[in-house]
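Report on the following structure.
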Amino acid sequence: MALALQTFSAVRDANAALKAPGTRYLGGGTLVVRAANEGDVSVTGLVRSTDPTLSGITVAGGKVRIGASVTMAAIARHPELAALSKAARAVGGPAIRNMATVGGNLFAPAPYGDFAVVLLALDATVGTDDGELPIEDFLARRDGSRAIVTSVAFALPRAENFRFLKVSRVKPKGVSVLSIAAVLEQAGDGTVSSARIALGCMADRPMRARAAEKALIGSRLDQDGVAAALAAAGEGTSPITDPIASAWYRAEVLPVHLGRLLLT
Amino acid sequence: MAKVPVQFTLNGSEKAEFVDSGTTLLHALRDKIGDTSPKGGCHQGTCGACSVIIDGELRLSCLTVAETCSGADIRTTSGLAEAGVLHPLQRAFLDAFATQCGFCTPGMIMAAKVLLDHTPNPSREDVIEALSGNICRCTGYEPIIEAVLTTARANSQNAA
């Protein structure tokens, strides 16, 4: 199905055009063109912006800003984002990674959106023309959002503090059974001093594993130390059921995979 | 539906067409230009049969809006053979019996070409990763992987 595409150099103009009913923003196309191909008649027009700031990556003073049009492939090969390379490479096959954008990933419904899980663990902020929003607030409101995402920003984690695991049935590329991202910091005595754990596929969008985070504080990352966190991992979750896995299965295997992530 | 001009280079030749705004590159290539080497499989970005190379990167033509390719350099499998001689990848796919029904083959070959363009001596794992977005439902993956590795070995011998 053909859809009229409007291209604007300025995000502000694209934002104005996006207010028309039935219009969707075109990033890499892996969500919206797919929807149109599947016959989603709610999409009647496409809007995009070619503003070059949407395609930039800046890393300075330990802070990272990634434009919304930056692709997963660009993140995966960026030398200063090596800590996140594995997570970016977990999104789709090579062609998808050359197309899928950071901005689009924030809107991807489960079981997609693995990089949004990473951004949630990193406590990112999401930028629009109207300012910046904590990612948790953005994810909660994303369904009604009409403002074009322009960037994401976060503090670059030390490689040893960041962990990511994508569980899929088909390797190396497959849709997620679940995904887990964690930023863990340990005190000098080896106990966990801070923990942010984000889960994918355990709700309709990425969510924090707050009970597990709380249980980890003060514990060591060994079998006994993580036991309480694993027992609490499913708290507050509402896993999706899809052709990849049932909600029951996802709930059953979450503690197993979280354990593997924490103990490696 | 508004018609918009689309102009790009396809396998080294300038192409210019008017297409419906928002139409996919796959549709423009197959139905307007007549290059039927990219195949329309799932139209969801899952099967990889429509894979083409745009400005040196592997992309899915079924999810690419044609008018976003203005000025781009697009390569498809139909442009690989030169003067009637098959590209080494095409030859290797035939020799290794890596084409059964052949529907996935053009996408597989474009994925393999991008790999070998950037990584002339790939490992088996590199090949598997490079082909991971391309689904085959009849040949089986082993002959395909072997065809790509055979091409790489032949390339390195030629370069030596």
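The values are calculated or read from the model by the stated rules, or taken from the named source; none is laboratory data. None of the values given here were measured: they were computed from a predicted structure. No Cβ is skipped: glycine too gets one built from the backbone with ideal geometry, and neighbour counts run over all protein chains shown. What goes into the accessible areas is simple: the full protein's heavy atoms, side chains included, and nothing from ligands, DNA or RNA. Shrake-Rupley method; radii C 1.70, N 1.55, O 1.52, S 1.80 Å.
Among the strands (runs of 3 or more DSSP E) contained in the stretch A:104-159, which hold 3 or more residues that are open to solvent by less than 30 Å² (accessible area, probe 1.4 Å), among the basic types (Lys, Arg) and in contact with a Lys or Arg (Cβ under 6 Å, 6 or more places away or on another chain)?
none
Filter the stretch A:46-69 down to the residues that are farther than 23 Å from A:Tyr112 by Cβ and crowded, with 18+ Cβ neighbours inside 10 Å, then identify the one that is farthest from the other protein chains (Cβ to nearest Cβ).
Here the answer is A:Arg65.
So which of B:Cys136, B:Cys101 is more than 13 Å from the chain's Cα centre (by Cα), over 21 Å from B:Leu29 (Cα atoms) and crowded, with 21+ Cβ neighbours inside 10 Å? Let's see the steps before the verdict.
Numbers: B:Cys101 fails: crowded, with 21+ Cβ neighbours inside 10 Å.
It is B:Cys136.
Residue check, B:Ser51 against (1) of a type outside the set (A, V, I, L, M); (2) farther than 20 Å from A:Thr30 by Cα; (3) at pLDDT 95 or above, all met but one. Which one?
Of everything listed in (1) of a type outside the set (A, V, I, L, M); (2) farther than 20 Å from A:Thr30 by Cα; (3) at pLDDT 95 or above, B:Ser51 misses just condition (2).
Has the stretch B:50-64 got at least one residue that is on the phi > 0 side of the Ramachandran plot and facing chain A (nearest Cβ under 9 Å)?
Going residue by residue through the stretch B:50-64, those that are on the phi > 0 side of the Ramachandran plot are B:55-56.
The next check asks that each one be facing chain A (nearest Cβ under 9 Å); those that pass are none.
Scanning the stretch B:50-64, I find no residue that is on the phi > 0 side of the Ramachandran plot and facing chain A (nearest Cβ under 9 Å), so the answer is no.
Given A:Val256, A:Val192, A:Val183, A:Val170, which one is of a type in the set (Val, Ile, Thr), open to solvent by 20 Å² or more (accessible area, probe 1.4 Å) and part of a strand (DSSP E or B)?
Just one listed residue meets the conditions, A:Val183.
If I go through the stretch A:15-45 residue by residue, how many of them are in contact (Cβ under 8 Å) with a residue 60 or more places away in the chain, touching a strand residue (DSSP E or B) at 6+ places or on another chain (Cβ under 9 Å) and more than 12 Å from chain B (Cβ to nearest Cβ)?
Total meeting the criteria: 3.
Just wondering, is there one or more residues in the stretch B:106-114 that are away from chain A (no Cβ under 14 Å), out of contact with any strand residue (DSSP E or B) (no Cβ under 6 Å at 6 or more places or on another chain), touching a residue at least 12 places away in the same chain (Cβ under 8 Å) and open to solvent by 10 Å² or more (accessible area, probe 1.4 Å)?
no
So A:Ser238 clears everything in (1) open to solvent by less than 10 Å² (accessible area, probe 1.4 Å); (2) closer than 23 Å to A:Leu119 by Cα; (3) part of a loop (DSSP other than H, G, I, E, B) except one condition, right? Which one?
Among (1) open to solvent by less than 10 Å² (accessible area, probe 1.4 Å); (2) closer than 23 Å to A:Leu119 by Cα; (3) part of a loop (DSSP other than H, G, I, E, B), A:Ser238 violates only (1).
Rundown of residues vs (1) open to solvent by 20 Å² or more (accessible area, probe 1.4 Å); (2) farther than 27 Å from B:Glu17 by Cα; (3) more than 16 Å from the chain's Cα centre (by Cα), yes/no style:
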| residue | (1), (2), (3) |
| --- | --- |
| B:Pro38 | no, no, no |
| B:Ala49 | no, no, no |
| B:Asp73 | yes, no, no |
| B:Ala81 | yes, no, no |
| B:Leu86 | yes, yes, no |
| B:Thr119 | yes, yes, yes |
| B:Tyr141 | yes, yes, yes |
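If you scan the stretch A:3-42, which residues turn out to be part of a loop (DSSP other than H, G, I, E, B), surrounded by fewer than 18 Cβ atoms within 10 Å (Cβ to Cβ) and on the phi < 0 side of the Ramachandran plot?
Once the filter is applied, which keeps residues that are part of a loop (DSSP other than H, G, I, E, B), surrounded by fewer than 18 Cβ atoms within 10 Å (Cβ to Cβ) and on the phi < 0 side of the Ramachandran plot, the stretch A:3-42 yields A:Ser9, A:Ala10, A:Lys19, A:Ala20, A:Pro21, A:Glu38, A:Asp40, A:Val41, A:Ser42.
Are there any pairs with C-beta distances below 6 angstrom linking a residue in the stretch B:21-35 that is under 16 Å from A:Arg34 (Cα atoms) to a residue that is in a helix (DSSP H, G or I) and among the polar types (S, T, N, Q), with the two at least 6 apart or on different chains, and if so which?
The qualifying pairs are B:Leu25/B:Ser61; B:Leu26/B:Ser61.
Name the single residue, out of those in the stretch B:1-36 being part of a helix (DSSP H, G or I) and open to solvent by 10 Å² or more (accessible area, probe 1.4 Å), that is farthest from B:Thr105 (Cα to Cα).
That would be B:Lys32.
Identify the residue in the stretch A:93-103 that is touching a residue at least 60 places away in the same chain (Cβ under 8 Å) and assigned to a helix (DSSP H, G or I) and, among all such residues, is farthest from the chain's Cα centre (by Cα).
Among those that are touching a residue at least 60 places away in the same chain (Cβ under 8 Å) and assigned to a helix (DSSP H, G or I), it is A:Ile96.
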